[in-house]
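Right, one structure below, let's go through it.
The values are calculated or read from the model by the stated rules, or taken from the named source; none is laboratory data. Model, not experiment: these values are computed from the prediction. Note: ideal-geometry Cβ built from the backbone for every residue, glycine included; neighbour counts use all protein chains shown. When the accessible area is computed, the model is the full protein with side chains, heavy atoms only, and any ligands, DNA or RNA have been set aside. Shrake-Rupley method; radii C 1.70, N 1.55, O 1.52, S 1.80 Å.
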Amino acid sequence: MTNYDEYQKFIRYKYGHHGFIAVLALVLINYFFSLFYEFQWAESKELEIIVLVSVVVIITAVLNIYHGAYFTKKQSPMLYGVLFVFIGLMNLYLSFSAYSPLIEGGLVTSNIITVLNAILFLSLPLAYYTRRLVDKRREEKDDDYA
């Protein structure tokens, strides 16, 4: 993490810590539901953990990007944004197939991983462009008051 400034490091550590606590809480809640109520919502317990961790990873990455702590100073966010949109759309296309259902027998199947990848890769550029739009509007508002 030598290419990040102090603010970026702080934000990454902050949301990494929050993400760890969220994963811990979700896994414990899932464990207690399965222990006391014999509740299973995915094909396997391993898939349940993967889905829970993936959701937290998506949220953490989006928060890091929105707060400017994802890309280093040397990286080109615009280029990565286009690349991420392309990868996300490809994953989204692959996830909607008649031969690979997302829910089967009332349980989430392993095909959900492709959907989660699509959500991850499509939400990253969305967070970046949303942040740019917010910053641009703030600058315009500041210019109006100046």
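Here are some notes:
- Of all residues in the range 97-116, those being in a helix (DSSP H, G or I) and free of Cβ contacts under 8 Å to residues at least 40 places away in the same chain number 2.
- Tyr80 over 17 Å from Leu107 (Cα atoms) and either in a helix (DSSP H, G or I) or without any contact (Cβ under 8 Å) to a residue 12 or more places away in the chain (or both): yes
- Residue in the range 25-43 that is closer than 17 Å to Leu120 by Cα and either of a type in the set (Asp, Glu) or in contact with a Ser or Thr (Cβ under 9 Å, 6 or more places away or on another chain) (or both) present: no
- Residue in the range 67-74 that is basic (Lys, Arg) and either more than 30 Å from Asp5 (Cβ to Cβ) or open to solvent by less than 60 Å² (accessible area, probe 1.4 Å) (or both) present: no
- Residue that is most open to solvent (accessible area, probe 1.4 Å) [pool: residues in the range 1-46 that are assigned to a helix (DSSP H, G or I) and of a type in the set (Ser, Thr, Tyr)]: Tyr37
- Unique residue being β-branched (Val, Ile, Thr) and open to solvent by 70 Å² or more (accessible area, probe 1.4 Å) when the list is Ile49, Ile59: Ile59
- Applying the criterion of being among the polar types (S, T, N, Q) and over 14 Å from the mean Cα position of the chain (by Cα) to the residues of the range 6-65, the residue that is farthest from Leu102 (Cα to Cα) is Gln8.
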